[in-house]
1. Hey, can you tell me all the residues within the stretch 107-134 that are crowded, with 17+ Cβ neighbours inside 10 Å and in a strand (DSSP E or B)?
2. Any idea which residue in the stretch 289-305 is nearest to LYS275 (Cα to Cα), counting only those that are out of contact with any Gly (no Cβ under 6 Å at 6 or more places or on another chain) and at pLDDT 95 or above?
3. THR24: buried (at least 24 other Cβ atoms within 10 Å of the Cβ), modelled with pLDDT of 95 or more, under 24 Å from GLY290 (Cβ atoms) and not basic (Lys, Arg), yes or no?
4. Just the residues that are assigned to a loop (DSSP other than H, G, I, E, B) and within 26 Å of THR204 (Cα to Cα), please, taken from the stretch 172-194.
5. Answer yes or no as to whether ALA34 is crowded, with 24+ Cβ neighbours inside 10 Å, in contact with a Ser or Thr (Cβ under 8 Å, 6 or more places away or on another chain) and within 27 Å of VAL4 (Cβ to Cβ).
6. Going residue by residue through the stretch 155-164, is there one that turns out to be of a type in the set (A, V, I, L, M, F, W, C) and surrounded by fewer than 22 Cβ atoms within 10 Å (Cβ to Cβ)?
7. Go through (1) touching a helix residue (DSSP H, G or I) at 6+ places or on another chain (Cβ under 9 Å); (2) within 22 Å of ILE245 (Cβ to Cβ); (3) not in a loop (DSSP other than H, G, I, E, B) for CYS137 and report which single condition fails.
Amino acid sequence: MEKVYDVIILGSGPAGLTAAIYTTRANLNTLVIAGTKWGGQLQLTTLVENFPGFPEGIQGPDLMNNMRKQAEHFGAEVVDSEFTSGDFTRQPFTVKAGDKAYQGRAVLIATGEDTKWLGVPGEREKIGRGISSCAPCDAPFFRNKNVIVAGGGDSAMEEALVLTRFAKSVTIVHRRDQFRASPIMVDKAKANPKISFILNTQITEISGENRVEKVKLESGIMNQELREMISKNKGIILNEDEEKIYWEMPIDGVFVAIGHIPNTRVLQGIDLDEKGFVKVYDNFRTNIEGVFVAGDVHDQRYRQAVTAAGFGCAAALEIEWWLSTKSEG
């Protein structure tokens, strides 16, 4: 642990790797704690069409491999170990990853966030093959298709509204009988003729040969409204008892919008908001001097690869300037 890095970056998604490109080109000795599953959520994405510079799109893992190679080309050291703890109480900061400890003069938190998935059979293997958590990213792939949005909050309504620009129909499936979304968002969704709703229902399985083709659902007691929805969606009733109806419907895609989990669980001493995201102060700084933040771990609004990369660039520049003031002092 004798070596002290100028910058330690926690995370290896677009924010972390873009920051590493900038810090290494500024001649700052940089260590990236990448994690055992490095590359962020783009490693689970197939074709990325909205990242600048790729007119025909690029596969998500290919984009992340290119970013990593570029950072390493300029001298970034990358460790494929999980960040487990950090001591931000004194300089130089100490972070632990795997069974080793590392010291750095500045730290960038770029640990991102994880999507809350449904956790049903068939879901994990269909991510990027009909299952998505980002309508702004993937809606164009579902032009003239029939899709489901799973969720009942504002995010679900927003996803559904974005999808109506491309999809033939959008069905919001919510497990409760009332939405958590704000009334204004519910009203916007209800006013759109492409959007329909199935309440008191949850997805229990997603299936298909190479991509999503149908879902199994579990609904409450049969009533006229549910019967009409099953018929409208070409559903097939599989089983019915006094409490539940089990049925199946064909579908081209499922967008999961039940929330996100920021990867901040092991951060000690860093200010978080009520949802667990890192609080940002002036110029990508946290509450601790010398500890900065970039990407989806603080960004609850955009959640795009290109914005995460932009945040990583800006944070890296701030780190460079901050370190220069410390050197001058």
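The values are calculated or read from the model by the stated rules, or taken from the named source; none is laboratory data. These numbers come from a predicted model, not from an experiment. Glycine also receives a Cβ, built like all others from the backbone with ideal geometry; neighbour counts cover every protein chain displayed.
1. Result: VAL107, LEU108, ILE109, GLU113, THR115, ILE127, ILE131, SER132.
2. HIS298
3. Here the answer is no, as THR24 does not meet what is asked.
4. HIS174, ARG175, ARG176, ASP177, GLN178, PHE179, ARG180, ALA181, LYS194
5. Judged against the criteria, ALA34 is a match.
6. Yes, some residue in the stretch 155-164 is of a type in the set (A, V, I, L, M, F, W, C) and surrounded by fewer than 22 Cβ atoms within 10 Å (Cβ to Cβ).
7. (2)
To keep it simple, each residue is scored yes or no on (1) assigned by TED's automatic domain parsing to the domain that holds SER133; (2) hydrophobic (A, V, I, L, M, F, W, C); (3) modelled with pLDDT under 95.
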residue	(1), (2), (3)
GLN43	no, no, yes
GLU49	no, no, yes
GLY57	no, no, yes
GLU72	no, no, no
GLU77	no, no, no
SER85	no, no, yes
THR89	no, no, yes
PHE93	no, yes, no
